[in-house]
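K.L.:
Take a look at this one; I'll ask things after.
The values are calculated or read from the model by the stated rules, or taken from the named source; none is laboratory data. All values derive from a computational prediction rather than experimental measurement. Ideal geometry is used to build each Cβ from the backbone, glycine not excepted, and the neighbour counts take in all protein chains shown. Heavy atoms of the whole protein, side chains included, go into the accessibility calculation; ligands, DNA and RNA do not. Shrake-Rupley method; radii C 1.70, N 1.55, O 1.52, S 1.80 Å.
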Amino acid sequence: MIAPKPKLLGPDSTIGILGGGQLGRMLALAAARLGFKCHIYCPDPESPAFDICRRFSEHDYTDWHALDRFANEVDVVTYEFENVPAETAAFLSARKPVLPDPQVLATTQDRLSEKSFVTGLGIATAPFAAVHSLVELEAAAAAVGRPAVLKTRRFGYDGKGQVSIRDGSDLAAAWRDTGEQPCILEAFVPFEREISVIAARGLDGKVETFEVTENEHHDHILKISQVPARITPAVATEARRIAETIATAFSYVGVLAVELFVVPDGAGHAVLVNEIAPRVHNSGHWTIDGCSVSQFEQHIRAIAGLPLGRPARRGRRVEMVNLIGAEAEDYRDWLRVPGAAVHLYGKSAIRPGRKMGHVTRVEE
Ligand code: AMP
């Protein structure tokens, strides 16, 4: 079967979104502003995105009848999480354009293929080695050195599936802790800062990058993003160049995020890629209130074949704080803070580590 070609979407078209979390919800809100309808597909009955869309399908990602009906009802399919099963993406892309192209999922779902892809472009990452057994872990630890981080190749997020390897660490125990799954061992990066770049590439191949964002994680979960990042102009230029190079190399259509480490290097800094997210990203939430175009609108523009916006920050400084777990109970206090834009994702159950909402402040 020949895959349908992406095309310019007219007003009133329907965008299909795989995944019903807060990212899908904010994508659907941005799509609505541009006159599009959204159909959200997600197996979770409590999906935050279901609350605000025209239609939703609450089915498994391998329910082929439901996916066929979904494909018939939408004009383009996109996704808000990277672990869409490969067979689901292939099934849909035989019926409707799927953007970004599913080959990007295949590369970014696996830390080994992702890092190999990045280094193949001549872009630096932390030194890494593939690990499929305890014997390989011992060899990798000798090659990469310690401290290091052992990460499962698949399904890792927010620090899940990661084990630190220090000088005295027992490698056999670390290997057991990962569930003896295919892993990579990465050298620990003594970073000065973590930053990210959100890039958008349109159907016409034009790329727009957002200003570099500085990110602070607590317990491996993003807590604060701020713009401008406290980095040199050289680091900013290099980070944006890396994101543009990756978007172009993938022939990407839509928004992607590149997470990077900034490391002191002689008189200057080195910039290393940590991870690519083939989707809108938490570190780009500041763009809703703090930028002339949001990452969500930019993604919808890209997949609809519309011109991309030229991002320009509002104000002198923008800060986004995640409301994680019980912190969301303080939202009434945030509503009293002048200029604070409060976003709640409509999740009823508060759980530790769960992203419940965020607050953005634009400083004039
Ligand atoms: P990841 O899931 O790979 O994005 O890792 C989550 C967080 O763990 C990162 O944002 C860093 O704060 C930390 N981290 C991951 N890999 C490394 C590394 N190789 N060196 C230092 N810190 C790391």
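K.L.:
Within region 337-361, what residues put their amide N at less than 13 Å from the label point 7 Å along the Cα-to-Cβ vector of ARG317?
P.N.:
Answer for this model: 361.
K.L.:
Accessible area per residue for region 31-78 in Å², computed with a 1.4 Å probe and the full protein assembly in place, what is it?
P.N.:
51 Å²
K.L.:
Roughly how many percent of the accessible protein surface of region 127-187 is carbon and sulfur, given a 1.4 Å probe and a whole-percent answer?
P.N.:
Carbon-and-sulfur percentage of accessible area, whole number: 51.
K.L.:
Also, I was wondering about something else. Computing the accessible area with a 1.4 Å probe over protein heavy atoms, can you report the carbon and sulfur percentage for region 193-363?
P.N.:
C and S atoms contribute 49 percent here.
K.L.:
Let me ask something else. Report ASP204's accessible area, 1.4 Å probe, all protein chains in place, as a number in Å² to the nearest 10.
P.N.:
Taking all protein chains as shown, ASP204 has close to 110 Å².
K.L.:
7 Å from Cα along Cα→Cβ at both ARG154 and ALA86: what's the point-to-point distance in nm?
P.N.:
0.8 nm
K.L.:
Just by accessible area at a 1.4 angstrom probe, what is the order of VAL84, VAL337 from largest to smallest?
P.N.:
Solvent-accessible surface, decreasing: VAL337, VAL84.
K.L.:
Rounded to the nearest whole Å², what accessible area per residue is found for region 127-187 with the 1.4 Å probe?
P.N.:
51 Å²
K.L.:
Right, another one. Roughly how much of ILE324 is accessible, in Å² to the nearest 10, using a 1.4 Å probe?
P.N.:
30 Å²
K.L.:
Tell me which residues come under 5 Å, amide H to amide H, from ASN274 once H is placed; ignore anything under 5 positions away on its chain.
P.N.:
GLU259, LEU260, PHE261
K.L.:
Please work out the average accessible area per residue across region 193-363, using the 1.4 Å probe convention, and give it in Å².
P.N.:
With all protein chains present, region 193-363 gives 39 Å² per residue.
K.L.:
So, one more: LEU18: accessible area at probe 1.4 Å, nearest 10 Å²?
P.N.:
0 Å²
K.L.:
How would HIS65, HIS132 rank on accessible area, largest to smallest, probe 1.4 Å?
P.N.:
Output order, biggest surface exposure first: HIS65, HIS132.
K.L.:
So, with +1 on the Cβ of K and R and -1 on the Cβ of D and E, and no other charges, what is the size of the charge dipole of region 193-363 about its Cα centre, to the nearest 20 debye?
P.N.:
Here the size comes out at about 380 debye.
K.L.:
Of PHE261, PHE128, PHE70, which has the most accessible area and how do the rest follow, probe 1.4 Å?
P.N.:
PHE128, PHE261, PHE70
K.L.:
Between ASP170 and ILE221, what is the spin-label point distance in nm, taking each point 7 Å from the Cα along the Cα→C-beta axis?
P.N.:
3.0 nm
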